[in-house]
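Encoded as structure tokens, the structure appears first; notes follow it.
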Amino acid sequence: MSLVDQINADIKSAMLAREKEKLEALRSIKAALLLAQTSGEPVTPESEIKLLQKLVKQRKEAADIYKTQNRPDLAEPEIFQADIIQQYLPAQMGEEEIKNIIKKIIENTGATSIKDMGKVMGLASKELAGKADNKAVSEFVKQLLST
């Protein structure tokens with residue numbers, strides 16, 4: 001079942017269950033997918049993952065802004081929507097798994113200093129796409145290259 005079909009089925013079940021907040025999150029996913037499809041480029045599973053990650057990141061950033069402005073009433077729906085969208089992403093890897101993969105990439109590329117970070121990050125982001133947050137990957141690469 002494709003992501004679009006699954007979202008449509010989940011929208012239908014959320015409508016029947018009268019889950020307003022969940023429905024709002026699902027409709028935002030559907031809208032983003034429709035925009036991607038009409039952009040002219042083919043929508044691949046990789047681009048779907050990137051799109052979902054972008055939506056989660058937007059929700060989390062908005063929630064952080066609301067929290068700093070002392071508006072928990074607006075932050076909570078954003079966090080809820082991020083959690084709903086996150087369910088359609090592949091399972092995230094743990095810290096140790098990420099570090100092990102980065103160590104292998106560093107060994108394979110022969111990277112020795114922080115100057116080689118771009119080379120390592122390029123390979124790491126391809127290999128860990130959808131499985132790990134790029135911000136965390138970047139921090140681990142800096143950490144491992146600086147030691």
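For segment 38-67, the set of residues classified as without any contact (Cβ under 8 Å) to a residue 12 or more places away in the chain and over 17 Å from the mean Cα position of the chain (by Cα) consists of Thr38, Ser39, Gly40, Glu41, Pro42, Ile65, Lys67, listed by residue number. For segment 1-44, residues that are hydrophobic (A, V, I, L, M, F, W, C), surrounded by 13 or more Cβ atoms within 10 Å (Cβ to Cβ) and assigned to a loop (DSSP other than H, G, I, E, B) total 1. Could you please find all residues in segment 128-147 being surrounded by fewer than 14 Cβ atoms within 10 Å (Cβ to Cβ) and part of a helix (DSSP H, G or I)? Scanning segment 128-147 gives Lys135, Glu139, Gln143, Ser146. Filtered by the rule that a residue be under 26 Å from Glu19 (Cα atoms) and touching a helix residue (DSSP H, G or I) at 6+ places or on another chain (Cβ under 7 Å), segment 38-71 gives Glu48, Leu51, Leu52, Leu55, Val56, Arg59, Lys60, Ala62, Ala63, Tyr66, Lys67. Counting only residues that are assigned to a helix (DSSP H, G or I) and surrounded by 15 or more Cβ atoms within 10 Å (Cβ to Cβ), segment 102-118 holds 5 of them. Met93 fails exactly one of the following numbered conditions: (1) part of a loop (DSSP other than H, G, I, E, B); (2) open to solvent by 80 Å² or more (accessible area, probe 1.4 Å); (3) free of Cβ contacts under 8 Å to residues at least 40 places away in the same chain. What is the number of that condition? So the condition that Met93 fails would be (2).
Being of a type in the set (A, V, I, L, M) and open to solvent by 60 Å² or more (accessible area, probe 1.4 Å) is the filter; apply it to segment 45-78 and report the residue that is nearest to Lys131 (Cα to Cα). The residue in question is Ile65. Condition first: closer than 30 Å to Lys22 by Cα, open to solvent by 60 Å² or more (accessible area, probe 1.4 Å), among the charged types (D, E, K, R) and assigned to a helix (DSSP H, G or I). Can you find one or more residues in segment 79-89 that meet it? The answer is yes, given that some residue of segment 79-89 is closer than 30 Å to Lys22 by Cα, open to solvent by 60 Å² or more (accessible area, probe 1.4 Å), among the charged types (D, E, K, R) and assigned to a helix (DSSP H, G or I).
The values are calculated or read from the model by the stated rules, or taken from the named source; none is laboratory data. No experiment lies behind these values; they were computed from the predicted model shown. Neighbour counts run over all protein chains shown; Cβ positions are idealised from the backbone, glycine included. Surface accessibility is based on the protein's heavy atoms, side chains included, excluding ligands, DNA and RNA. Shrake-Rupley method; radii C 1.70, N 1.55, O 1.52, S 1.80 Å.
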